[in-house]
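Before any comments, here is the structure.
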Amino acid sequence: MSRRGFVAAGAGLGLAAALPGCTFSPDADHSGEDAPRALPLARTVGTAWVLSSGGPRGFVHVGVLRALDELGLAPDLIVGASVGAVVGGLRAAGRAAADIEVLALTLNPLSVARLALGSAERFSGAPVAELVREQAQQSRIERLPIAFASVAARQHDGVAVAFTAGDIGLAVQASAAIEGRFAPVRIRGETYVDADAVAPLPVRIARRLGAVRVLAVDASAHVERAPAAAARYREGDLKKQALVAADARHADLVLKPDFGYWVSLSREFRERAIAAGYGDTMARAAELRALHAAR
């Protein structure tokens, strides 16, 4: 998730004062049989959908998925980074976009973080893992109806790692663990954090996993239309834009809906982002049908 978007919105809601419960072992090493693993896919991949990071901007993914569902289109693989991993993991688990939209509009943001006692970071994203497992109704990535990869950054060297097997909740939690804010997720002795700073739109990872055709959904800001008041964020925006562009050129089709620069967690913002994703996707229905029909 975007550090600026999530943290600013959470602070505005009084997150620190209202978090439900605590996590007492945020640095526990997950090394059992169910621990996430980065393995080659055992399935043939024709078309992949890649959903980017973006914090609250990730609500746009929900609208894109609703349009794709209405067009009767489905992928062989979904690759997600950060919020894209959250939304993509639920779709890969077989959840209809309409159900994901209901969750997106009703989810209390205070429910997806917990105080992390004994950690340098203030919060634990353990509730994210719990939410994803519950909503997916399947804990193992390799058993999902659609192949799925949750992309996280290995903390010690910044390498992007695509978890394709094991516990879907932990894999998504790792992908969305904002560095410096949420406790990293330790998996088989390595710590993992949010993928936003290294692979916000992991198209090349989808290609390495075998994807022949790639639809990429970029939830990042339209920097060229940023308001003057956003000047202090420009350096970070340009850095992310460069990372996104490096991967976007490897996609067959890129959707980048525009719903304004500023973000929040309000109902109005969620609805606006979802509507933008839906509208932009439906506007390119012919291209999308052609992409998915290619062999």
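Applying the Kirkwood pairwise sum to the alpha-carbon positions of region 153-295 produces a hydrodynamic radius of 17.1 angstrom.
With only the Cα atoms considered, region 241-295 has a convex hull volume of 98 Å³ per residue.
Only protein atoms count toward the accessible area here, which uses a 1.4 Å probe; on region 71-115, the carbon and sulfur part of that area reaches 58 percent. Expressed to the nearest 5 percent, the antiparallel share of DSSP beta bridges inside the chain is 35 percent. Among 88-94, 265-271, the peptide with the highest mean count of other Cβ atoms within 10 Å heads the list, and the full ranking is 88-94, 265-271. Average 1/r across all pairs of distinct alpha carbons in region 138-220, invert it, and you get the Kirkwood radius: 13.2 Å. Rounded, prolate or oblate for region 177-226? Axes are the square roots of the Cα gyration tensor eigenvalues, ordered a ≥ b ≥ c, and the cut-off for rounded is a/c under 1.5. Taking the square roots of the gyration eigenvalues as a ≥ b ≥ c, region 177-226 is oblate.
Considering only beta bridges that DSSP places wholly inside region 137-261, some 75 percent are antiparallel. Building the convex hull from the alpha-carbon atoms of the chain and averaging its projection over directions returns 13.9 nm². The portion of the accessible surface of region 141-247 made up by carbon and sulfur, rounded to a whole percent, is 51 (1.4 Å probe; DNA, RNA and ligands excluded).
Solvent exposure of the chain, expressed per residue, is 41 Å² of accessible area, with all protein chains present and a 1.4 angstrom probe. For the chain, the relative contact order works out to 27 percent when only alpha carbon pairs closer than 8 Å and six or more residues apart are counted.
Rounded to the nearest 20, the Cβ-based charge dipole of the chain about its Cα centre (Lys and Arg +1, Asp and Glu -1) stands at 420 debye. Rounded to 0.05, the FRET efficiency of the Glu179 and Tyr233 pair, given R0 = 25 Å and the Cβ-Cβ distance, is 0.90. When the chain is described by a simple charge dipole with +1 on each Lys and Arg Cβ and -1 on each Asp and Glu Cβ, the residue from Gly63, Gly46, Ala152 located farthest towards its positive end is Gly46.
Can you classify region 32-151 as rounded, prolate or oblate using the Cα gyration tensor, where a ≥ b ≥ c are the square roots of its eigenvalues, rounded means a/c under 1.5, and otherwise it's prolate if a/b beats b/c and oblate if not? Oblate is the answer for region 32-151, as a/c is 1.5 or above yet b/c matches or exceeds a/b.
The values are calculated or read from the model by the stated rules, or taken from the named source; none is laboratory data. All of these numbers come straight from a predicted model, not from anything done at the bench. When we count neighbours, we look across all protein chains shown, and the Cβ atoms used for this are built from the backbone with ideal geometry, even at glycine. These area figures cover heavy atoms from the full protein model, side chains too; ligands, DNA and RNA do not enter into them. Shrake-Rupley method; radii C 1.70, N 1.55, O 1.52, S 1.80 Å.
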